[in-house]
1. Of the residues 51, 75, 21, which single one is acidic (Asp, Glu), within 22 Å of residue 96 (Cα to Cα) and out of contact with any helix residue (DSSP H, G or I) (no Cβ under 7 Å at 6 or more places or on another chain)?
2. When you scan segment 54-158 for helices (runs of 4 or more DSSP H) that lie fully inside it, which ones turn up with 1 or more residues that are within 27 Å of residue 26 (Cβ to Cβ) and open to solvent by less than 100 Å² (accessible area, probe 1.4 Å)?
3. Every residue in segment 1-52 that is part of a loop (DSSP other than H, G, I, E, B) and surrounded by 13 or more Cβ atoms within 10 Å (Cβ to Cβ), please.
4. Filter segment 36-51 down to the residues that are in contact with a strand residue (DSSP E or B) (Cβ under 9 Å, 6 or more places away or on another chain) and either among the hydrophobic types (A, V, I, L, M, F, W, C) or closer than 16 Å to residue 72 by Cα (or both) and list them by number.
Amino acid sequence: MTEQHQKFMKRAIEIAQQGMDNNKGGPFGAIVVKNGEIIAESYNQVTSENDPTAHAEISAIRKACEKLNSFQLEDCVIYTSCEPCPMCFGAIYWARVKAVYYACTKGDAAEIDFDDQFIYQELDKNIDDRNIKFVNLLREDGKQVFNSWKNKSDKIEY
């Protein structure tokens with residue numbers, strides 16, 4: 001592991017501590033790096049923002065995209081204090097970052113009561129067997145918008 005990787009990881013961990021110490025949310029921090037420069041950083045803000053999506057990685061991705069004026073982070077690397085949860089994992093893939101470095105594992109997180117295993121289990125279940133009810137409604141009406149998108153000549157692909 002290079003010194004630069006260690007420096008960036010230490011910063012992600014510092015941010016996690018800072019957010020936790022300031023009662024912003026759980027003990028998680030993340031930074032986005034492009035060409036050896038930190039372009040965004042954030043800590044978990046779930047409880048302070050009353051936003052279940054305000055995870056460190058999501059917030060850092062949003063800031064990086066805003067700074068770069070792009071919805072993709074193809075040339076960027078994320079350093080995060082913990083292995084990403086399923087939501088952050090998805091966002092990382094949608095952002096198309098080239099690498100993720102993490103400190104704590106999802107097992108470490110589970111040991112302090114941040115356990116996402118139930119989400120992985122829910123994803124594997126048949127939709128009718130999930131703990132939260134999912135109901136398919138007005139599919140044909142919804143598909144009209146999808147068809148409009150498919151035929152839209154001036155759309156921005158992603």
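The values are calculated or read from the model by the stated rules, or taken from the named source; none is laboratory data. The shown structure was predicted, so the numbers you read here are calculated from the model rather than taken from an experiment. Here the Cβ is made from the backbone with ideal geometry for all residues, glycine too, and neighbour counts use every protein chain on show. Keep in mind that these areas ignore ligands, DNA and RNA; they rest on the heavy atoms of the full protein, side chains included. Shrake-Rupley method; radii C 1.70, N 1.55, O 1.52, S 1.80 Å.
1. The match here is 75.
2. In segment 54-158, the matching helices (runs of 4 or more DSSP H) lie at 56-68, 86-95, 106-111, 117-124.
3. The answer is 24, 25, 26, 27, 28, 44, 45, 51.
4. 38, 39, 40
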